[in-house]
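Worksheet for the structure shown next.
Each reported figure results from applying straightforward, stated rules to the coordinates on display, with no laboratory input. The shown structure was predicted, so the numbers you read here are calculated from the model rather than taken from an experiment. Cβ placement follows ideal geometry from the backbone for every residue including glycine, while neighbour counts extend to all protein chains displayed.
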Amino acid sequence: MKTAVDSGCCFWDGGAFYGPPSDPTANLTLIRRFFQRFPGYKSKVFLCVKGGSNMARYQEEGYRGLGPDMSENNLRNDLAAIRQALGSDQDGHEVDMYAVARVDHKYTIKEWMSTLVKLQKEGLFTHICLSEVSSETVRVAAGIAPIAAVEVEYSLWETSVESNGVLAACQELRIPLIAYSPIGKGILGGRLSSREQLVAGDNRLFHERYSEENFAANLELARSLAAKAEQMKCTPAQLCLAWVLRQDPQLVIALPGTTKVDNIKQNASAMSFELSDQEDRDIRSLVSRMGVSGGRYNSAIRDRGILWG
């Protein structure tokens, strides 16, 4: 965490449900402990926290119970738990930006935006972020109150934001786009060679692109990208990150995750690695030619209607 800040990676993304069902805010507690140990780093980090899920259901049912609840009562309780875990009211880090991870279709955009604005005015967080939303939601929400950022999946193997209007809406409204999973949740980084490397409980095992029937084909894509990266004298992860950042250097923020210090340093250096127009075309052509096997997440999640809400 210290290396990340020292390397210039000062946008952090936490979550009210990033921990296991037995301790959902474990990651936020870790962030609190970091700033207790390195208080001078607190002002250097901009912290976004995703939440808005029904935590009681998550704790009872695990990931199967994870779903949005944008009622005022739930969002208020969610923010209280987030602030407690961070120690926000005891000199811990503030919630610089709050994002409801998925849209709750029981409420209109106007209703849940009004709730967020109310809680924002109470000082529970500073900026509003949208997550996993459609272009229409971006436009309508931005017409109600300022939107500081939109967080969506964007990578070499997930470019839906280019065709569904989300990227265009962000560019038109000058809203930063936070690209999560820019390395394909790991596989495009060149470090995975088999599904057996994923430990039991890793939620990627339930994603179509990591399934037994699709993993081998997607691994071949990753290997081809790794070969391309070698030609360009960079790591596969650096190639993926440089490509994402290139799509709009003024607006796109890549959000890779890692647990290794060396990877943090390599990822940070991708900010200074520039691709040419021809290299961009070549990389896109490679991905298009080889194709991506499987859809986003899995059919159960897609059928729930919580993607691109």
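Residue check: is Val45 surrounded by fewer than 20 Cβ atoms within 10 Å (Cβ to Cβ) and hydrophobic (A, V, I, L, M, F, W, C)? I'd like the intermediate steps shown before the answer.
On the way: surrounded by fewer than 20 Cβ atoms within 10 Å (Cβ to Cβ): yes; hydrophobic (A, V, I, L, M, F, W, C): yes.
Yes; evaluated as a whole, the condition is true for this residue.
Filter the range 2-24 down to the residues that are of a type in the set (Gly, Ala, Ser) and farther than 24 Å from Ala268 by Cβ, then identify the one that is surrounded by the fewest Cβ atoms within 10 Å (Cβ to Cβ).
Ser22
Cβ-Cβ below 6 Å, separation at least six or inter-chain, first residue in the range 141-168 and surrounded by 15 or more Cβ atoms within 10 Å (Cβ to Cβ), second of a type outside the set (S, T, N, Q) and assigned to a loop (DSSP other than H, G, I, E, B): which pairs?
Once the first residue is surrounded by 15 or more Cβ atoms within 10 Å (Cβ to Cβ) and sits in the range 141-168, its partners that are of a type outside the set (S, T, N, Q) and assigned to a loop (DSSP other than H, G, I, E, B) give Ala141/Ile147; Ile147/Ile175; Ala149/Pro176; Val150/Ile175; Ser155/Pro182; Trp157/Val292; Val161/Tyr154.
Search the range 254-283 for residues being within 22 Å of the chain's Cα centre (by Cα) and closer than 23 Å to Ala169 by Cβ, and hand back the single one that is surrounded by the fewest Cβ atoms within 10 Å (Cβ to Cβ). Let's see the steps before the verdict.
Just the residues of the range 254-283 that are within 22 Å of the chain's Cα centre (by Cα), to begin with: 254-273.
So of that shortlist, the ones also closer than 23 Å to Ala169 by Cβ come out as 254-255.
Numbers: Ala254: 25, Leu255: 21.
Selected residue: Leu255.
Only residues in the range 265-291 that are over 21 Å from Leu251 (Cα atoms) count as the first member; pair them with residues that are aliphatic (A, V, I, L, M) and assigned to a loop (DSSP other than H, G, I, E, B), Cβ under 6 angstrom, at least 6 apart or cross-chain, and list the lot.
Val287/Leu156
Any idea how many residues of the range 284-297 are surrounded by fewer than 16 Cβ atoms within 10 Å (Cβ to Cβ) and more than 19 Å from Leu241 (Cβ to Cβ)?
If we filter the range 284-297 for residues that are surrounded by fewer than 16 Cβ atoms within 10 Å (Cβ to Cβ), which is where we start, we get 284-286, 288-289, 291, 295.
Restricting the remaining residues to those that are more than 19 Å from Leu241 (Cβ to Cβ) gives 285, 288-289, 291, 295.
Within the range 284-297, residues that are surrounded by fewer than 16 Cβ atoms within 10 Å (Cβ to Cβ) and more than 19 Å from Leu241 (Cβ to Cβ) number 5.
Just one of Asn77, Asn27 is over 30 Å from Gln266 (Cα atoms) and free of Cβ contacts under 8 Å to residues at least 24 places away in the same chain; which is it?
Details: Asn27 fails: over 30 Å from Gln266 (Cα atoms).
Testing whether each residue is over 30 Å from Gln266 (Cα atoms) and free of Cβ contacts under 8 Å to residues at least 24 places away in the same chain leaves just Asn77.
Any residue in the range 284-299 that is aliphatic (A, V, I, L, M) and over 29 Å from Leu130 (Cα atoms)? Step through it out loud before you land on a result.
So in the range 284-299, the residues aliphatic (A, V, I, L, M) come out as 286-287, 290, 292.
Among the residues that remain, those that are also over 29 Å from Leu130 (Cα atoms) are: 286, 290.
Yes, some residue in the range 284-299 is aliphatic (A, V, I, L, M) and over 29 Å from Leu130 (Cα atoms).
Taking the range 60-95 only, how many residues are within 20 Å of Arg32 (Cβ to Cβ) and of a type in the set (S, T, N, Q)?
Residues of the range 60-95 within 20 Å of Arg32 (Cβ to Cβ): 77-95.
Now drop any that are not of a type in the set (S, T, N, Q), which leaves 77, 84, 88, 90.
Here the count works out to 4.
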